[in-house]
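Beneath this line is the structure, given in structure tokens, with notes to follow.
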Amino acid sequence: MSLVFDEYGRPFIIIKDQGSKSRLKGLPALKANITAARSVCQTLRSSLGPKGMDKILVSGDGEVCVSNDGATILERMEVQNEIAKLLVELSRSQDKEIGDGTTGVVVMAGGGPGEGGPHPP
């Protein structure tokens, strides 16, 4: 990475290893996004309802958290995919505006056609 200035004196950064990175396009990108959304949805779906299961979350430094609260689970998850990050942001928005329903809104948004809803098939 190097800092360079254009003819008007404005700085910009040149990233040297950018050419080695690849970007998914077309159908593989669509499949990766659907898989990411479904995996986040599946993680939360089993924590819904009175018989919802708790999740054990372990952070990078070894801190353990046991919760069945969707907002807590999503807050502590380290997601890489942009679609999964959108679902986490959806949960934050729901919690900020309403204060409840974070898990349900992510499960509804993350399921494909015919898969929405809080109950597993």
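At a glance:
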| read-out | value |
| --- | --- |
| Portion, in percent, of the accessible area of the chain that falls on carbon or sulfur, probe 1.4 Å | 56 percent |
| Separation in nanometres of the label points that stand 7 Å from Cα toward Cβ, at ILE13 and GLU78 | 2.0 nm |
| Set LYS25/LYS55; LYS31/LYS85; LYS25/LYS85 screened for pairs whose C-alpha atoms are more than 27 Å apart | LYS25/LYS55 |
| Residues ALA32 and SER67, FRET efficiency given R0 of 30 Å [Cβ-Cβ distance, rounded to 0.05] | 0.60 |
| Whole-Å semi-axes of the chain's equivalent ellipsoid (Cα gyration tensor) | 35, 19, 15 |
| Under 17 Å from the ARG23 label point (7 Å along Cα→beta-carbon), backbone N, the stretch 51-89 | 81-83 |
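The values are calculated or read from the model by the stated rules, or taken from the named source; none is laboratory data. Here the structure is a predicted model, which is why all the values come from computation and not from measurement. We place every Cβ from the backbone using ideal geometry, glycine too, and count neighbours over all the protein chains shown. Accessible surface is based on the protein model in full, side chains and every heavy atom, while ligands, DNA and RNA are left aside. Shrake-Rupley method; radii C 1.70, N 1.55, O 1.52, S 1.80 Å.
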